[in-house]
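Take this structure, written in structure tokens, and hold onto it; I'll ask about it next.
The values are calculated or read from the model by the stated rules, or taken from the named source; none is laboratory data. All values derive from a computational prediction rather than experimental measurement. Because the Cβ atoms are built from the backbone with ideal geometry, glycine has one as well, and the counts that use them run over all protein chains shown. Side chains are part of the model used for accessible areas, which takes the heavy atoms of the whole protein and leaves out ligands, DNA and RNA. Shrake-Rupley method; radii C 1.70, N 1.55, O 1.52, S 1.80 Å.
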Amino acid sequence: MTITTHPEARPASPGLLPPPRFGGTGVLRQISVLSGRSLRVLREPAMVLPGVLEPILMLTVFSQVFKSVSQTSAFPAGVSYIDYLLPAFLVTGSISAGLKSGVALTTEMNNGIVARFKAMPIHTGSVLIGRSIADTVLNVVNMLVMLVAATVVFGFGPDGGVLGSLGAALVAVVLGWSLGWLFMALSAWVRRPEALQPIGGMVNMVLLFASNAFVPAEGLPGWLKGFAEVNPMSYAITAARDLALGDPRLSTVLATLGACVVLVAVTAPLAIRSFRRAT
């Protein structure tokens, strides 16, 4: 009888072993780290000061140029022009903050940082959510600085008081957060900051000057008044202004906040999908 012996099992060669798998940290941890990375800009005054000073300088100019508007019959009685104007600047400042989110994302897509993220076990959505949270925090800082500066320098003191002013800032911050997702979706599609910035700037300028930001819609020419009454920026400005002036309309505030939530619900998945394909 022939006895067949099997060779002894030999350990696999190190080169044949599968590489160790690393699943990365949890999504919440990834978002926290990526948000902190974007917020390091606060350590660089040269990067922060322009964004803080620009709206204050614009507020200084426009509050003097259009101050005579407060003497017209269409202007609300008993309201100073700075109390009327500042809520509009909170809203327009947040729109600019949303645009900066998209521009920053396209910049990182072109300088190789996103390519490094792609080589890591990082969820695609974490990159965009981290960017959104960081830019929202920066926007909150800008809003608070603007409110303090307007109060100290220009005598801003609406009938809504501190709570009304903070409510106006909250509406502006939510608007900036929602538009940040819109511009990030556009940035993942355009992929070039020099293309996105002019588009966003042009849209912002048209919506700003064809709204009730500087003068009541009743004081605008007929053709411009019609556009201002359907301009979405006018609705956001009205919601923030009514809160600051102590005469909030719940329907306007809820409609503005609801529109922001719907915008995020639509654009956030599109942004993540486009960003995944772009990278």
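Which order do Ile133, Ile82 take when ranked by solvent-accessible area (1.4 Å probe, heavy atoms of all protein chains), largest first?
In descending accessible area the options line up as Ile133, Ile82.
At a 1.4 Å probe, what is the % contribution of carbon and sulfur to the accessible area of the chain?
67
Show Met202, Met109 ordered by accessible area, largest first, where the area counts protein heavy atoms only and the probe is 1.4 Å.
Correct descending sequence by accessible area is Met202, Met109.
Using protein chains only and a probe of 1.4 angstrom, how many square angstrom of Leu147 are accessible, to the nearest 10?
Rounded to the nearest 10, that gives 20 Å².
Related question: Remind me, what semi-axes does the stretch 114-204 give for its equivalent ellipsoid, largest first in whole Å, using sqrt of 5 times each Cα gyration tensor eigenvalue?
Sorted largest first and rounded, they come to 33, 16, 11 Å.
Expressed as a rounded percentage, what relative contact order does the chain have, with Cα pairs under 8 Å and six or more residues apart?
It rounds to 27 percent for the chain.
May I ask for the net charge around Ala244, where only other residues with Cβ less than 15 Å from the Cβ of Ala244 are counted and Lys, Arg are +1 while Asp, Glu are -1?
Here the charged neighbours net out to -2.
Using 1/(1 + (r/R0)^6) with R0 = 22 angstrom and r between the beta carbons of Val162 and Val261, what's the FRET efficiency to the nearest 0.05?
Plugging the Cβ-Cβ distance into 1/(1 + (r/R0)^6) gives 0.30.
Taking every pair of alpha-carbon atoms in the chain, give the share separated by more than 30 Å as a whole percent.
Taking all Cα-Cα pairs of the chain, the fraction more than 30 Å apart is 39 percent.
Scattering from the C-alpha atoms of the stretch 189-255 alone, worked out with Debye: what is log10 I(q)/I(0) at q = 0.12, 0.23, 0.28 1/Å?
Summing over Cα pairs of the stretch 189-255 leads to -0.40, -0.94, -1.13.
For the chain, with a Gaussian network of springs between Cα atoms less than 10 Å apart, report the residue from Pro232, Pro50, Pro87 with the top mean-square fluctuation.
Highest fluctuation among the options: Pro50.
Work out the FRET efficiency for Trp189 and Val141 from their Cβ-Cβ distance, taking R0 = 35 Å, and round it to the nearest 0.05.
In this case the efficiency is close to 0.75.
Rolling a 1.4 Å sphere over the protein heavy atoms, what is the accessible area per residue of the chain, to the nearest Å²?
I get 56 Å² per residue for this part.
Please grab the % of Cα pairs in the stretch 97-165 that end up more than 18 Å from each other.
55
Rg and Dmax of the stretch 124-269, Cα atoms, in Å?
16.3, 48
Additional query: Please compute the Kirkwood hydrodynamic radius of the stretch 221-279 from all pairs of different C-alpha atoms, in Å with one decimal.
For the stretch 221-279, inverting the mean 1/r across all distinct Cα pairs yields 13.5 Å.
Regarding the stretch 27-89, what whole-number volume in Å³ per residue does the convex hull of its Cα atoms give?
For the stretch 27-89, the hull spanned by Cα atoms encloses 113 Å³ per residue.
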